[in-house]
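The structure under discussion appears below in the form of structure tokens.
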Amino acid sequence: MKKSNIQLTTAQFAKLHEVNKRTLHYYDNIGLFSPDTKGDNGYRYYDLSQSIDFEYIRMLKELNMSIEEIEAYCKNPAADSFLKIADIKIKEIDIEIQKLKSIKKILNVKKDNLALCENLLEQAIRVEEHPSESILITPYDFSEDNISEIFTYLKDTWSIEQIRMGIGGFISLDKVINEEFEKYDGLYTPAISGCSSAKKITKPKGRYLCGYQKGTWDKLPCIYKKMIDFAKQNNLALVGYAYEMGLNEFAISDFSQYVTKIMIQIKDNSQI
């Protein structure tokens, strides 16, 4: 930017760029960015044309470059050096964007779950239409392990981002019918795109028999029995696995308010 005739005091320059004067004093003291001129009155002034350079320095700082790295570049600016910085930072930004998209998805899912839990009674059974959903699964017998061991296993198998989406269990329909709940078939989590290379399957779209149980896990066999009875009474043929998932674990202080959702696929005409 061409040098202008507009001279600004430290306070004026700080106000223009919405920064604290102490930031400018610090940059001046370390020689990173200093006022352009010194007036007859002994005061030092920034030229308006310095604004662009200052904003580039701020941009690099916002991109997590250290003061030392920024200072090294500013002392020897060059096209090749800038292009190298730009390529690195663009890759970092893409990673951060993907991470923020994952967090946004998690927050939206949790909001929807809490809205669903708000008006639930202790138990509810209903038929729902669901779209297809990609889920990550892992066969795991967690009946004898503690929570810390499960978490460590899943962190290594999936990722922290996936764990934040929620951890559910799945169990075969045969075990449900025979009331054999001692050993589940595995764990699952709704898949976040690009977050894990673990085994992924698609839970098909269609109708699902859904049960909602409020309270501790020892109440689940009861809701399962009621779901099987409901299916018989309404001539619903069930298939596959029962998928369990907690809906509100992060938003309650009393486990008696914990809500578990159970989903079992209903056969359509093409499956019969």
Cα gyration tensor category, rounded, prolate or oblate, for segment 1-130 with a/c compared to 1.5
prolate
Which GluC sites (Glu not before Pro) in segment 1-91 sit in a loop by DSSP (not H, G, I, E or B) and have at most 11 other Cβ atoms within 10 Å of their own Cβ?
GLU18
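In deg cm²/dmol, rounded to 500, what helix-only [θ] at 222 nm does the chain give when every DSSP H run of at least 4 residues adds -39500 (n - 2.57) and the total is split over its residues?
That comes out to -13000 deg cm²/dmol.
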How large is Rg over Rh for segment 95-186, taking Rg from the Cα atoms and Rh as the Kirkwood inverse mean of 1/r across Cα pairs?
1.00
Neighbour-count ranking [beta-carbon atoms within 10 angstrom, fewest first] of ILE167, ILE6:
ILE6, ILE167
Relative to the first principal axis of the alpha-carbon coordinates of the chain, what is the inclination of helix 220-233, with its axis defined by its Cα atoms, in degrees from 0 to 90 and to the nearest 10?
60 degrees
If I take the Cα coordinates of segment 110-271 and project them onto the principal axes, what are the three extents in Å, biggest first?
43, 39, 32
Filtered hits (aspartates and glutamates, Cα-Cα < 13 Å from LYS105, offset >= 8 within chain) -> GLU161
To the nearest 20 Debye, how big is the dipole of the chain about its Cα centre, given +1 on the beta carbon of each Lys and Arg and -1 on that of each Asp and Glu?
760 debye
What shape does segment 7-77 take by its C-alpha gyration tensor, where a ≥ b ≥ c are the square roots of the eigenvalues and a/c under 1.5 counts as rounded, a/b above b/c as prolate, and the rest as oblate?
prolate
Provide the net charge surrounding ALA191, with neighbours chosen by a C-beta distance below 12 Å and charges set as Lys +1, Arg +1, Asp -1, Glu -1.
+2
In the list (i) 1.00; (ii) 0.95; (iii) 1.58, the entry giving Cα Rg over 2.2 N^0.38 Å computed from the coordinates is (iii)
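Laboratory data are not the source of any read-out in this text; all were calculated from the coordinates shown. Small disclaimer: the values here were computed from a predicted structure and weren't measured. Methodologically, a virtual Cβ is constructed for each residue, glycine included, from the backbone with ideal geometry; neighbour enumeration extends over all protein chains shown.
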